[in-house]
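Asker: Pasting a structure below so you can have a look.
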């Protein structure tokens with residue numbers, strides 16, 4: 001009787017071994033549910049974890065691999081250290097084969113774009129995948145093959161980026177401080193202002209001034225050449241305006257003299273526009289390759305045949321329309337618009353736009369029309385170009401004599417290539433460029 005029992009048990013064991021993974025799975029196993037990083041996996045056991053290295057030596061996360069008897073799945077996860085430094089995944093490429101030679105290669109290296117699975121357009125994620133490859137799609141698989149216990153070669157590539165400039169609160173304006181000279185020279189104190197109203201001084205280089213200088217004014221930013229122009233504005237506009245430009249990197253240059261006094265100016269389509277103080281003369285200034293004044297030409301009279309002038313205030317231009325804050329003489333304070341050639345002057349709103357007046361305006365690099373007052377209260381606000389309505393943004397610690405658009409914020413980042421590996425420096429592809437692979441054995445139950 002005992003011999004019969006032993007014979008039956010032996011036959012059962014032998015039969016199970018000979019029938020392979022699939023029968024064992026059907027008879028004795030239910031795929032396990034495991035949880036990692038808040039994600040549920042349907043597997044025949046815990047996922048196998050492989051290190052993810054960036055720049056060959058920096059451990060930035062792991063690659064998790066599992067199968068369910070029908071598909072091989074791969075998932076990327078960055079570790080806490082990488083996330084704290086701001087690294088995120090932006091691209092993934094993965095493939096699997098029954099041999100190393102089956103992985104797509106060129107000169108011994110796998111071109112990531114030739115790996116068939118993954119995602120080229122991730123928005124920046126901490127976890128990517130899973131990317132599941134059907135067994136029949138694994139390179140080297142032949143119909144009828146049983147992959148149970150087979151060692152597969154996996155190439156798992158990722159592109160990770162770490163942003164050094166995020167543009168979360170970008171600089172949108174540049175401004176000159178409303179200081180006044182006590183001698184024939186004074187510091188040109190230039191400030192940057194962010195969307196939220198944070199102001200930081202970016203330059204304070206000495207400039208020569210006239211005996212009747214009131215302040216620095218006529219701000220305009222040439223974003224192509226990174227030149228911030230500003231004028232030496234004479235008191236009440238009585239005189240000419242020497243014009244300077246600052247490269248915001250430690251150099252300040254005298255550009256030449258303007259024909260009129262410029263308290264409100266702007267840079268648009270490669271030229272400097274201003275309305276000479278206490279006139280109705282719209283003028284345009286052109287520059288040479290080095291930023292020097294080449295010409296200062298009359299463009300139009302805003303009030304032809306009418307005895308009226310404008311005291312500024314400020315102007316700026318968007319979509320070939322000039323917007324301005326000024327005082328009509330005779331008349332009162334207005335917010336106005338007109339065409340780039342000086343025609344179709346239109347008053348949008350009357351009276352002070354905000355607070356005590358002396359409003360300086362500029363379209364920020366984000367397209368919003370901003371304003372500050374040369375007199376109290378020292379606050380940053382936005383302006384609706386349709387009706388002149390204003391909205392408070394932030395209190396400012398300094399008084400500014402004029403505004404200009406700031407440089408456009410461009411996100412800056414560092415990029416690294418990452419590969420899943422057996423361990424640091426192990427299992428490299430034979431080519432000259434750094435790339436690694438790892439092996440995974442299809443799991444028996």
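Asker: Kindly put 401, 295 in sequence by how many other C-beta atoms sit within 10 Å of each C-beta, fewest to most.
Answerer: The fewest-first ordering by Cβ neighbours comes to 295, 401.
Asker: Right, next: What angle do you read, to the nearest 10 degrees and between 0 and 90, between the alpha-carbon axis of helix 2-28 and the longest principal axis of the chain?
Answerer: 20
Asker: Given labels modelled 7 Å from the Cα in the Cβ direction, how far is it in nm from residue 318 to residue 58?
Answerer: 3.9
Asker: Which label marks the calculated value of P(r) over Cα pairs in 10 Å bins from 0, in percent, given the options (i) 4, 18, 19, 11, 9, 12, 11, 8, 4, 2, 1, 0, 0; (ii) 5, 21, 29, 22, 14, 7, 1, 0; (iii) 4, 18, 26, 24, 17, 8, 3, 1, 0?
Answerer: The value matching this structure is (i).
Asker: Next question, about the same structure. Using a Förster distance of 35 angstrom, determine the FRET efficiency expected from the C-beta separation of residue 163 and residue 292, and round it to 0.05.
Answerer: It comes out at approximately 0.40.
Asker: Only counting other Cβ atoms within 10 Å, I'd like 167, 148 sorted with the fewest neighbours first.
Answerer: Sorted ascending by nearby Cβ count, the order is 167, 148.
Asker: At q = 0.09, 0.13 Å⁻¹, work out log10 I(q)/I(0) for the stretch 171-405 with the Debye formula, treating every Cα as an identical point scatterer and leaving solvent out; two decimals please.
Answerer: Log10 of I(q)/I(0), two decimals: -0.31, -0.68.
Asker: Let me ask something additional. Calculate for the chain the 222 nm mean residue ellipticity that helices alone would give, adding -39,500 (n - 2.57) per DSSP H run of length 4 or more and normalising by residue count, nearest 500 deg cm²/dmol.
Answerer: -2500 deg cm²/dmol
Asker: Here's a follow-up. As a footprinting exposure proxy, order 160, 302 by other Cβ within 10 Å, with the fewest listed first.
Answerer: In order of increasing Cβ crowding within 10 Å: 302, 160.
Asker: Same structure again: Taking 8 Å as the Cα distance limit and 6 or more residues as the minimum spacing, I'd like the relative contact order of the chain as a percentage.
Answerer: For the chain, the relative contact order is 16 percent.
Asker: What relative contact order, as a whole-number percentage, does the stretch 171-405 give when Cα pairs under 8 Å and 6 or more residues apart are counted?
Answerer: 16
Asker: Can you pull the three principal axis extents for the Cα set of the stretch 87-186, in Å, largest first?
Answerer: 92, 29, 17
All of the numbers you see were taken from the coordinates with simple rules; none came from a lab. If you're wondering where the values come from, they're calculated on a predicted model, not measured in any experiment. Cβ coordinates were reconstructed from backbone atoms using ideal geometry, including for glycine residues, and neighbour counts include every protein chain displayed.
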